[in-house]
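To start, the structure itself, in structure tokens.
The values are calculated or read from the model by the stated rules, or taken from the named source; none is laboratory data. Since the model is a prediction, treat every value here as computed from it, not as a measurement. Note that each Cβ is placed from the backbone with ideal geometry, even for glycine, and that neighbours are counted across all protein chains shown.
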Amino acid sequence: MNQMTKILGLLSILFVGGELRAKTFELDKDHTNVGFSIRHILTHVQGHFKDFAGGFETDDKGNLVKIDAMVKAASIDTSNKHRDEHLRSEDFFNAKKFSELKFVSDKVKIKPGSTAKVSGQLTIHGVTKPVDFEVEYLGEAAGPGGHLKAGATGKLRINRKDYGLTWNTTLETGGVLVGDDVDIALDVEGNLKDSPKLAEVPAGTAKKVIKKEKK
């Protein structure tokens, strides 16, 4: 690695916590929840997906500008084994055939601490439709050890029948077992991609490299 490459690498690290460059954050599975709720007769069943990937991007001003995510259908968890197996079956997600749910945003621009509509394409059960998430971008913060993080929340209501999830059964007293509306709720935390923690850069390192390069 030549000295100029070192300089550029060090400068990117030193400015990682500022607003001097665009950044990419990868979803932190340990601190992200992809949740949903749907009516069951009278009350609501809560659930989430345990296996997912993706991230989001910010511009050189610190604004959120892009979101994309993938969720594994088979990772659905409603704390009931029998129900989860039914949800993975052909009656609902048909997880063997349609293994992934996806969301890709259109171009957006949300300032830290602001809430805005995020339009994009949502794919469930092999069906892709335009949707509008309500997203609050929480901004950036340094986590333990100096690692830069960013966070956001999002919510969306969809009709499951729009995505071919039409299974239901009629109750003896009238009405149906499962509601049509699904409320999606996201709590997202991301880790800055491909960046060592700030604590790993010794004070004055960049100056020493630059000085050596000039000789």
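Among the residues in segment 30-37, are any at pLDDT 95 or above, closer than 23 Å to Gly143 by Cα and out of contact with any strand residue (DSSP E or B) (no Cβ under 7 Å at 6 or more places or on another chain)? Yes, segment 30-37 has at least one match. Evaluated against (1) closer than 19 Å to Phe49 by Cα; (2) crowded, with 17+ Cβ neighbours inside 10 Å; (3) among the hydrophobic types (A, V, I, L, M, F, W, C), Val104 falls short on exactly one condition, (2). Taken over segment 106-147, residues that are under 23 Å from Ile76 (Cα atoms), in contact with a Pro (Cβ under 9 Å, 6 or more places away or on another chain) and not hydrophobic (A, V, I, L, M, F, W, C) amount to 2. For segment 148-198, the set of residues classified as acidic (Asp, Glu) and over 16 Å from Thr32 (Cα atoms) consists of Asp162, Glu172, Asp180, Asp181, Asp183, Asp194, listed by residue number. The residues of segment 66-87 that are surrounded by 19 or more Cβ atoms within 10 Å (Cβ to Cβ) and over 18 Å from Val45 (Cβ atoms), listed by number, are Lys66, Ile67, Ala69. Taken over segment 134-147, the residue count meeting the criterion of being free of Cβ contacts under 8 Å to residues at least 60 places away in the same chain, under 15 Å from the mean Cα position of the chain (by Cα) and surrounded by 14 or more Cβ atoms within 10 Å (Cβ to Cβ) is 2.
Taking the numbered list (1) in contact (Cβ under 8 Å) with a residue 60 or more places away in the chain; (2) touching a Leu at 6+ places or on another chain (Cβ under 9 Å); (3) part of a strand (DSSP E or B); (4) within 21 Å of Ser75 (Cα to Cα) in turn, Ala150 passes all entries but (4). Restricting Ser114, Ser195 to residues that are of a type in the set (Ser, Thr, Tyr) and modelled with pLDDT under 95 narrows the list to Ser195.
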